[in-house]
1. Looking only at segment 29-56, which residues are touching a residue at least 12 places away in the same chain (Cβ under 8 Å), in a helix (DSSP H, G or I) and among the small types (Gly, Ala, Ser)?
2. How many residues, within segment 4-27, are part of a helix (DSSP H, G or I) and either in contact (Cβ under 8 Å) with a residue 12 or more places away in the chain or on the phi > 0 side of the Ramachandran plot (or both)?
3. Could you please find all residues in segment 34-50 being of a type in the set (Lys, Arg) and at pLDDT 95 or above?
4. Condition first: open to solvent by 70 Å² or more (accessible area, probe 1.4 Å) and within 25 Å of residue 71 (Cα to Cα). Now tell me which residues in segment 14-60 satisfy that.
Amino acid sequence: NALGEKCIPLALVFTKTDKLSKNKTQSSIAKFKRVLKMSWEELPVNFQSSTVSGVGKEEIIGYVRSINESL
């Protein structure tokens, strides 16, 4: 992808993970990644999030902070 080639940080954030069962969420994410791997050499870091439960919030914030510090 063009972002990776230019060393621009990119992350995938799978939102609303509270809406599906854990198995269904994992299955959907795995399918999404399989499709991306067809055309992407390397997959970016990814996170799961839910505003209802707060899952992923700290991890995403930490990732953004680490990117900002490296720039």
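1. none
2. Step one: of segment 4-27, the residues part of a helix (DSSP H, G or I) are 4-5, 22-27.
Subsequent filtering for residues that are either in contact (Cβ under 8 Å) with a residue 12 or more places away in the chain or on the phi > 0 side of the Ramachandran plot (or both) retains 4, 25.
Counting residues in segment 4-27 that are part of a helix (DSSP H, G or I) and either in contact (Cβ under 8 Å) with a residue 12 or more places away in the chain or on the phi > 0 side of the Ramachandran plot (or both) gives 2.
3. Looking only at segment 34-50, we keep the residues that are of a type in the set (Lys, Arg), and these are 34, 37.
34, the sole residue that qualifies.
4. 41, 42, 57, 58, 59
Every residue, every condition in (1) charged (D, E, K, R); (2) within 16 Å of residue 10 (Cβ to Cβ), yes or no:
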position	(1), (2)
24	yes, no
32	no, yes
38	no, no
42	yes, yes
45	no, yes
50	no, no
54	no, no
61	no, no
69	yes, no
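The values are calculated or read from the model by the stated rules, or taken from the named source; none is laboratory data. Predicted model only: the values in this text are computed from it and were never measured. Heads up, the Cβs are rebuilt from the backbone with ideal geometry, glycines too, and the neighbour counts pull from every protein chain shown. Keep in mind that these areas ignore ligands, DNA and RNA; they rest on the heavy atoms of the full protein, side chains included. Shrake-Rupley method; radii C 1.70, N 1.55, O 1.52, S 1.80 Å.
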